[in-house]
Every structure is written in C-alpha cells, then in structure tokens.
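Asker: First, the structure itself, so that you have it in front of you.
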Amino acid sequence: MGMKNQRVVRDLLSVLFIVLMVGCASIPELKVLYQLPAPSSDLEGRKVFLAVDDIRKTKTLFGEGAKQEFGNYAGNISLSVARYKEAGFKIGPFQLPEMTKEGFRKRLENTGIEVLSERSRGEPQLLIVINRFTLDLVDRTWIAKMSYEAKLMKDGTVLAAQIIEGEAERVKVMGRKEADTVTGEMFTDMVNRLDLLRLFQQAQL
C-alpha cells in the first residue's frame, strides 16, 4: 500500500513538473523598436484625433517561413520607443492596430501636435488605414513589408491624404534577432516618412 502511494505521488510530481516546464517555456515574441526623428515645433498648437483602421486582406502577420521560426506565436508585438538619439524603452505588448496607433501617437506628439483622447466635432482626425503589414523568411532573408494610407479629415470630409509603402530586408544570422531588427527598421521608416507638415498644409489646417 505504501509503495503504491509513493508511486502515485511520484507520478503526480512528474506531471506537475511537466506542466511547470511548459508554462515557463518562452513564448516567441516579435520585438519592434520605433526610433523617433528629431523633435520639432512645426505643428505646435494643432490638435487631432488619431484613429487606425486595419483593412488588410489577411490578418496573418507571418508568411510561411516566419511561421516556422516563431512557432506558437501569440500575436502580440512588444513595442519599444526611442527618442531621438536616445535608448529605447518598452511601452507594452500590442496587437498590430494598437501598436501602429501608439507609434503614430508618439510621432504626432514629437511634432508638437496634441492628440485628442476623444473625437470632437470641428476638430480634425488623422486616420491611418493599414493595407499591409507582413514579415517573412525567404532563403534565409527576413523581409518586412508595410503599406498604409494617412487621411487628414474634418467632419467626415477627407482634406488631404498620403499613401506610404515600403519594405526592409536583413539576412538571418542566428535565431530571430534579425526579424526584430528588420521589422523595427521598416516600422520606423514607414511612420517617419509621413510628411505631417505637408499634410496639414494641404488640408489648410
């Protein structure tokens, strides 16, 4: 009877150990560093409500090659933001639309624009429409692509718009480090390429 109890306890401990090991196993995570450009006061005093619309045909972030590398990826993106010529600091895990909104929020604030927390009649709205955002691994090369349209609107009328698209590549050396790097470089370039001053000038705001 004592031997049986010991065996049961031993089996339970083995199961508990396996459960703990699985729970502690690292979950693959995509880490994106957004580098802000030099701050400016060109648009200081302006106010805008920021919104993001994700209209990608497929909401899958990874291509087949990237899927194999990231395994049981949960879908969150760890976003860090770095001020001009400073080290980055993590601001949290996000799904893609939320990460995109947070990146553009930082960019707007960096130019002196006040980002409104609520939409208000008579105040302009900047709508970022995500058309594409993908990461893949092809022939040991990480390839990140993004395209979006930025619409500056007021009371439902589009006053000015810009379409931005681009990609970045990096050869895979080891692990997923280069995947993080190339996605951060691509995201930084795409957000910073939006010409906010020209957008507001065209909209006459």
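Readers should treat all values here as calculations from the given coordinates under stated rules, not as data from a laboratory. Predicted model only: the values in this text are computed from it and were never measured. As a convention, Cβ positions derive from the backbone with ideal geometry for all residues, glycine included, and neighbour counts pool all protein chains shown.
Asker: Could you derive backbone 3J(HN,Hα) for the range 64-79 from the dihedral phi with the Karplus parameters 6.51, -1.76 and 1.60 (θ = phi - 60°), listing whole Hz in sequence and x where the residue is Gly or Pro?
Answerer: Whole-Hz 3J(HN,Hα) from phi for the range 64-79: 4, x, 5, 4, 5, 6, 8, x, 7, 5, 7, x, 7, 10, 7, 9.
Asker: Hey, another quick one. In nanometres, what is the gap between the two model label sites at LEU197 and PHE49, each 7 Å from Cα along Cα-to-Cβ?
Answerer: 2.9
Asker: Moving to a separate point now. Distance from the Cα centre of the range 76-154 to that of the range 25-69, in angstrom?
Answerer: Answer, in whole Å: 5.
Asker: Thinking of the range 135-205 as a set of Cα atoms, what percent of all their pairs are more than 18 Å apart? Provide the component values of the computation, followed by the final result.
Answerer: On the way: 1226 of 2485 pairs.
It works out to 49 percent of all Cα pairs.
Asker: Moving on to the next point. Okay, helix-only estimate at 222 nm for the chain: each DSSP H run of n ≥ 4 adds -39500 (n - 2.57), divide by all residues, round to 500 deg cm²/dmol; what do you get?
Answerer: My calculation for the chain gives -11000 deg cm²/dmol from helical runs alone.
Asker: How about the range 114-152: which GluC sites (Glu not before Pro) there lie in a loop by DSSP and see at most 11 other Cβ atoms within 10 Å?
Answerer: Sparse-neighbourhood loop GluC sites (Glu not before Pro): GLU118.
Asker: Something else: At what distance in nm do the modelled label points of SER120 and GLU165 sit from each other, each positioned 7 Å from its Cα along Cα→Cβ?
Answerer: Calculated label separation equals 3.7 nm.
Asker: If you bin every alpha carbon distance in the range 28-203 into 5 Å steps from zero, what whole percent lands in each bin?
Answerer: For the range 28-203, the binned pair fractions read 1, 8, 17, 21, 20, 14, 9, 5, 3, 1, 0 percent.
Asker: Would you work out which of ALA168, THR134, ALA87 lies farthest towards the positive end of the dipole of the range 71-205, given +1 charges on the beta-carbon of Lys and Arg and -1 on that of Asp and Glu, about the Cα centre?
Answerer: Checking the options against the dipole of the range 71-205, the answer is ALA87.
Asker: Counting DSSP beta bridges in the chain, what percent are antiparallel, to the nearest 5?
Answerer: Antiparallel bridges: around 65 percent, rounded to the nearest 5.
Asker: If one takes the longest principal axis of the Cα atoms in the chain, at what angle in degrees, from 0 to 90 and to the nearest 10, does the Cα axis of helix 177-192 lie?
Answerer: 20
Asker: Also, quick follow-up: Considering only DSSP states other than H, G, I, E and B, which trypsin sites (Lys or Arg not before Pro) in the range 105-138 qualify as loop sites with at most 10 other Cβ atoms within 10 Å?
Answerer: Here the trypsin sites (Lys or Arg not before Pro) that fit, given the DSSP loop and packing criteria, are ARG119, ARG121.
Asker: If you don't mind, another one. Would you work out the relative contact order for the range 28-203, in percent, from Cα pairs under 8 angstrom that are 6 or more residues apart?
Answerer: Dividing the mean separation by the residue count of the range 28-203 yields 27 percent.
Asker: How about the range 34-75: which chymotrypsin sites (Phe, Trp or Tyr not before Pro) there are in a DSSP loop, with at most 14 other Cβ atoms within 10 Å of their Cβ?
Answerer: none
Asker: Can you compute the modelled spin-label distance between ILE91 and LYS177, with each label point 7 Å from Cα toward Cβ, in nm?
Answerer: A separation of 2.7 nm, rounded to one decimal place.
Asker: Let me ask something else about it. Provide the gained length on full extension for the span LYS57 to GLU109, in nm with one decimal, where the gain is 0.36 nm per separating residue minus the Cα-Cα distance.
Answerer: Values: separation 52, 0.36 × 52 = 18.72 nm, distance 3.03 nm.
Going from the current span to full extension adds 15.7 nm.
Asker: Most exposed first by the Cβ proxy, i.e. fewest other Cβ within 10 Å, how do VAL52, VAL129 rank?
Answerer: Fewest-to-most Cβ neighbours within 10 Å comes out as VAL129, VAL52.
Asker: So if I place +1 on the C-beta of Lys and Arg and -1 on the C-beta of Asp and Glu, and nothing else carries charge, what would the dipole magnitude of the range 28-203 be about its Cα centre? I want it in debye, nearest 20.
Answerer: Here the range 28-203 has a charge dipole of around 120 debye.
Asker: Compute the angle between helix 2-24 and the longest alpha-carbon principal axis of the chain, please, reported from 0 to 90 degrees and rounded to the nearest 10.
Answerer: Once rounded, one gets 20 degrees.
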